[in-house]
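*Asks:* Before we start, here is the structure in question, set down as structure tokens.
Read-outs: derived from the displayed coordinates by stated rules, not from any lab. Note that the coordinates shown come from a computational prediction; the quantities given were computed from them, not determined experimentally. All Cβ positions, glycine included, derive from the backbone under ideal geometry; neighbour counts span all protein chains shown.
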């Protein structure tokens, strides 16, 4: 009888340890990494050391934890089975099997998850303080297994190429995951999340995706007078104008309105602009916008001319264009705000040709094949193989499309009908 009581007490002790280890594991899994990092920063060193270990590498805690969990689980199974076989020699294994299933479900799965479901971060901090002494014992015992896991990870990385690229991709995925967690936890507002996402995507954006295309560049011939250039700047409300020699493919520099106005006010309006032309930066369309922004900051410039692979002028880009990629459209005080997308009714949208394709995809729920274009106008011209005429209607990717305003070279306004929208059948 004394042996029976001792064995029962040992089972109870190991079952309690199994329950405790399962609580810690469940809290680690359910805790938000963002909230844990906030707790670590706000506690001023009061947080348990294992908390920072979890944030750096969860295996530092998981390996000893799993070792302890499995050891306790096996011990409980062995001792409880022996006890049942002693008490019920004929059917003891059946009772042991059923008892271990119930104990495993209750103490290994159900109760730990229920108890750590809410406020898992605060509970994890408290549990880690209790787990710290046990980790001092389990850590050295589980050390060989930790080395095996690290070796396996290193071999896996070498097979994949060792990769810096893979690490970068994983980092972007982690950032996206953190943003989603931040929104779910209420830490980040939707606008904050969108701003951070724009910063992340900023590094992958190319200059040609944000530039003002060649057809919309306002420029002036090198032989113009100060008065003539001032008139152009006032008419188009530009503070900087590219200066070309002969044609737009031979841009020689850029002129600033501040210097021009000072000379004009001094009565030099009839003088040539030649002495007021400043050097301008030329960049390829494939240059990442992040590198261009850094280069413009280092040079103290605000504008760059984008060239194509043949050396011709493809467009123009300003610091404002680059900043707008992060914060969205920036409107000047005297600039009329133009809505590029107007929702007319359910399933019908009026879209400007300069609207980016991804916005049309968001509106319609469609995914268009990569045509090498970034605007809706370019998408339509690539689909038709020509510039559509005003009033022309056609179907594209299940959408009814009607061109409302266009000229010989550009598409200005287009109406899109979603399938099943009123008037979609007729393309009205």
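*Asks:* The range 209-340: D in µm²/s via Stokes-Einstein (Kirkwood Rh, Cα pairs, 20 °C, 1.002 mPa s)?
*Replies:* 137
*Asks:* Compute the distance from the alpha-carbon center of the range 79-100 to that of the range 362-402, in whole Å.
*Replies:* So the two Cα centres are separated by 72 Å.
*Asks:* Still on this structure, please answer the following. Which order do the peptides 85-91, 15-21, 35-41 take when ranked by the mean count of other beta-carbon atoms within 10 Å per residue, highest first?
*Replies:* So the order, starting with the most tightly packed, is 15-21, 35-41, 85-91.
*Asks:* Pulled fully out, how much extra length does the chain show between residue 13 and residue 370, if you take 0.36 nm times their separation in residues and subtract their Cα-Cα distance?
*Replies:* 122.2 nm
*Asks:* Just grab the label-to-label distance for residue 60 and residue 218, each label 7 Å out from Cα along the Cβ direction, in nm (one decimal).
*Replies:* Going from the residue 60 label point to the residue 218 one covers 5.9 nm.
*Asks:* Continuing with the same structure: Using the beta-carbon distance between residue 395 and residue 239 and R0 = 35 Å, what value does 1/(1 + (r/R0)^6) give for FRET efficiency, to the nearest 0.05?
*Replies:* 0.20
*Asks:* Put a dot 7 Å past each Cα toward the Cβ at residue 271 and residue 206; how far apart are the dots in nm?
*Replies:* Each label point is offset 7 Å from its Cα along the Cβ direction, giving 4.3 nm.
*Asks:* Using a Förster distance of 41 Å, how high is the FRET efficiency between residue 94 and residue 148, based on the Cβ-Cβ distance and rounded to 0.05?
*Replies:* The calculated FRET efficiency here is 0.65.
*Asks:* Okay, moving on. Using 7 Å Cα-to-Cβ label points, what is the residue 404/residue 295 separation (nm, one decimal)?
*Replies:* Inter-label distance under the simple model: 3.9 nm.
*Asks:* By how many nm would the segment from residue 132 to residue 248 lengthen if fully extended, with 0.36 nm per residue of separation less the alpha-carbon distance?
*Replies:* That works out to 34.6 nm of additional length.
*Asks:* Can I ask one more? For residue 115 and residue 412 in the same chain, what is the full-extension length gain: residue separation times 0.36 nm, less their Cα-Cα distance, in nm?
*Replies:* Gain on stretching residue 115 to residue 412: 100.9 nm.
*Asks:* Could you compute the FRET efficiency for residue 261 and residue 37, with r as their C-beta to C-beta distance and R0 at 45 Å, rounded to 0.05?
*Replies:* The computed FRET efficiency comes out at 0.30.
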